[in-house]
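Each remark here refers to the structure printed beneath this line.
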Amino acid sequence: MPDHPDTLAKYATAATARELLESQALRFSAPALYVDPFELNHRTPLSFDPQTLLQSVIRTACGMIFAREEPRGASPLSTVIRRWRDEERFASPEEAEEVLNELMARMVDQRQDEIDAMMSDWRRYTRSLRICSFSAKADNLIAWQYYADSHTGAVLRFQCGENTVLKNPLQVHYNPARPEITTLKEQLNVVLHNERLQSQEFFQDKFLSKQPAAKGEQEWRCFFNVDAAEAGKSTDEKDWYSQVTFEPEHFKAVYLGAFMSVEDKKTLLEILQKRYPGTKVFQAEAVPGKYEISFSRVNPAR
């Protein structure tokens, strides 16, 4: 059993829905085109610089030297610190910091080369990444409000899974901790404890976390990466998107907004009748006295 719904709902304005149906293509965008200022992209910096990393390493290593308990682990630095403690090598933190400054500076410089290489990989990855967002269901009032132009747009429901353009949808999670490309703590653990860290393995995960306030959107995302040649065609961020054609049989239903204009409804129904005659069409209606919507079947031929 797949760990995603059988279908996903694409919320859109009436104009976007019309364009999508006429082109028979879904738009996958680079992270830079998302309007959320908290969305990571190729311009996102690290939350620390080399000097901050060096100072944190020295401060933490000094604390390990004078801590009540011996440092654990088999890293080279832990071994050295245990020996220093046994020898009572340093009489004060100030004395230890002088020695640590030179030793840690070399280690941090070496680590910084790897961080720079990782950031280069991140920029390439996020320039080539393409994302298309969906919601789980067609009755999501928050999504209707913000992505379907206050119920004047439409929802288009697509089959997903193998043999479709939405092969492997992944669910967005809502967490109070904002994603970072890599954290200061992660880098400290690499330098001090010789931990393995391959941040590139988790790049995609950074795009599956959003703030708790957005939980009502019930968002799912589909991903793919264009090749290097395609990604490098334009330096203009506005061009960083891909139109991905879908098969008509994978387009399952349309839900017309409760407050869609008569003109937009007529236009969409004409397109559906001509190009997608087998697709089910529903009209959304506001339920009296409740913050809910219901759907009734519509005959596109009318």
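The values are calculated or read from the model by the stated rules, or taken from the named source; none is laboratory data. Given the structure is predicted, the values throughout are model-derived calculations rather than measurements. Please note: Cβ atoms are built from the backbone with ideal geometry, for glycine as well, and neighbour counts cover all protein chains shown. These accessible areas exclude ligands, DNA and RNA; they are computed on the full protein's heavy atoms, side chains included. Shrake-Rupley method; radii C 1.70, N 1.55, O 1.52, S 1.80 Å.
A few notes on this one:
- Among residues of the stretch 280-293 being open to solvent by less than 50 Å² (accessible area, probe 1.4 Å) and farther than 19 Å from Thr16 by Cα, the one that is nearest to the chain's Cα centre (by Cα) is Ile293.
- Checklist (1) under 30 Å from Tyr255 (Cα atoms); (2) surrounded by 15 or more Cβ atoms within 10 Å (Cβ to Cβ); (3) within 24 Å of the chain's Cα centre (by Cα) applied to Asp3, failing item: (2)
- Flag for Glu186 being open to solvent by less than 90 Å² (accessible area, probe 1.4 Å), part of a helix (DSSP H, G or I), acidic (Asp, Glu) and within 30 Å of Leu103 (Cα to Cα): yes
- For Ser23, the test of being exposed (fewer than 14 other Cβ atoms within 10 Å of the Cβ), of a type in the set (Gly, Ala, Ser) and farther than 25 Å from Gln145 by Cβ is passed.
The rows are residues; the columns are (1) within 20 Å of Tyr147 (Cα to Cα); (2) out of contact with any Lys or Arg (no Cβ under 6 Å at 6 or more places or on another chain).
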{"residue": "Glu217", "(1), (2)": "yes, yes"}
{"residue": "Trp220", "(1), (2)": "yes, yes"}
{"residue": "Glu230", "(1), (2)": "no, yes"}
{"residue": "Lys233", "(1), (2)": "no, yes"}
{"residue": "Tyr241", "(1), (2)": "yes, no"}
{"residue": "Glu247", "(1), (2)": "no, yes"}
{"residue": "Val254", "(1), (2)": "yes, yes"}
{"residue": "Met260", "(1), (2)": "yes, yes"}
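- Filtered residues of the stretch 41-92 (kept if among the charged types (D, E, K, R), surrounded by 11 or more Cβ atoms within 10 Å (Cβ to Cβ) and farther than 28 Å from Trp122 by Cβ): Glu70, Arg82, Arg85, Arg89
- Failed condition for Arg157, given (1) closer than 23 Å to Asp6 by Cβ; (2) assigned to a loop (DSSP other than H, G, I, E, B): (2)
- Qualifying residue in the stretch 167-175 (condition: assigned to a strand (DSSP E or B), open to solvent by 80 Å² or more (accessible area, probe 1.4 Å) and either over 26 Å from Asp113 (Cβ atoms) or modelled with pLDDT of 95 or more (or both)): yes
- For Glu180: the one exception among (1) over 30 Å from His151 (Cβ atoms); (2) modelled with pLDDT of 95 or more; (3) crowded, with 18+ Cβ neighbours inside 10 Å: (3)
- Flag if Leu192 is assigned to a helix (DSSP H, G or I), hydrophobic (A, V, I, L, M, F, W, C) and open to solvent by less than 70 Å² (accessible area, probe 1.4 Å): yes
- Listed by first and then second residue, the pairs with beta-carbon distance under 7 Å, at least 6 apart or on different chains, first residue in the stretch 87-111 and in a helix (DSSP H, G or I), second open to solvent by 60 Å² or more (accessible area, probe 1.4 Å), are Pro93/Phe66; Val108/Pro50.
- Yes/no for Ser128 being open to solvent by less than 50 Å² (accessible area, probe 1.4 Å), at pLDDT 90 or above and under 30 Å from Lys206 (Cβ atoms): yes
- Identity of the residue in the stretch 23-40, among the hydroxyl-bearing types (Ser, Thr, Tyr) and within 13 Å of Thr126 (Cα to Cα), that ends up modelled with the highest pLDDT: Ser29
- Single condition Glu162 does not satisfy, out of (1) crowded, with 16+ Cβ neighbours inside 10 Å; (2) in a loop (DSSP other than H, G, I, E, B): (1)
- Where His151 falls short, out of the listed (1) within 22 Å of the chain's Cα centre (by Cα); (2) under 30 Å from Ala25 (Cβ atoms): (1)
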